[in-house]
1. 5 Å is the cut-off here: which amide hydrogens, built 1.01 Å from N in the peptide plane, fall below it relative to residue 35, excluding neighbours closer than 5 in sequence?
2. Using the Karplus equation 6.51 cos²θ - 1.76 cosθ + 1.60 (θ = phi - 60°), what ³J(HN,Hα) coupling, rounded to whole Hz, does each residue of segment 89-99 give in order, writing x for Gly and Pro?
3. Once the piece of chain linking residue 16 and residue 43 is laid out straight, how much longer is it, given 0.36 nm per residue of separation minus the C-alpha distance between them?
4. How far, in nm, would the chain grow between residue 109 and residue 32 when pulled straight, counting 0.36 nm per residue and subtracting the alpha carbon separation?
5. Residue by residue, what Karplus-based ³J(HN,Hα) values in Hz, rounded to whole numbers, does segment 13-26 have, using 6.51, -1.76 and 1.60 with θ = phi - 60° and x for Gly and Pro?
6. Around residue 94, which amide H atoms from residues at least 5 apart in sequence, or from another chain, sit under 5 Å from its own amide H, with H modelled in the peptide plane?
7. Cβ under 14 Å from residue 71's Cβ, residue 71 left aside: what net charge do those residues give with Lys, Arg +1 and Asp, Glu -1?
Amino acid sequence: MYYANFISSPEGYFHTVICNAQEFLNTTVNSDLHFISWDNPPKQHPHHLNLADMQRMIDSNAPFARKFPQDDPVLDKIDSELLSRGPGMFTPGGWCIGRRENGTDPCSTIGNLYYFSRDERKAQV
């Protein structure tokens, strides 16, 4: 009955089920992992994030954020500054062994697809 009067039940239903299931006891992280800016008291929808929120998003260390207006400049800034992603390019990973010269996509040359390396700067996204 908890979700009968909940504004957006699909956004929290599965999280609630998993956190209350005995088989997942002490295996879940009690964190939303999202940067969300709400009114106080919260309304139905969060604020749209923009460039003014960029530093607070980074400082939160949350790997996800919402809600963004479509094509907002903050999305391009996240792509270029945090993800090292150029316009129309994939986010480069360890498998991208090409060189980024004159706007060339480093992922145009692919190396080991199973390579993974933690980059502290990208961990802040």
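Readers should treat all values here as calculations from the given coordinates under stated rules, not as data from a laboratory. Please read these numbers as outputs of a predicted model, since none were measured by experiment. Here Cβ is always computed from backbone atoms with ideal geometry, including for glycine, and neighbour counts include all displayed protein chains.
1. Placed amide hydrogens put 64, 65, 66 under 5 Å from residue 35.
2. 10, 6, 6, x, x, x, 7, 8, 10, x, 9
3. Working: separation 27, 0.36 × 27 = 9.72 nm, distance 2.07 nm.
That works out to 7.6 nm of additional length.
4. On the way: separation 77, 0.36 × 77 = 27.72 nm, distance 3.60 nm.
Taking residue 109 through residue 32 to full extension adds about 24.1 nm, to one decimal.
5. Each residue of segment 13-26 in turn: 4, 5, 4, 5, 4, 5, 5, 9, 7, 4, 5, 10, 4, 6 Hz.
6. 117
7. -1
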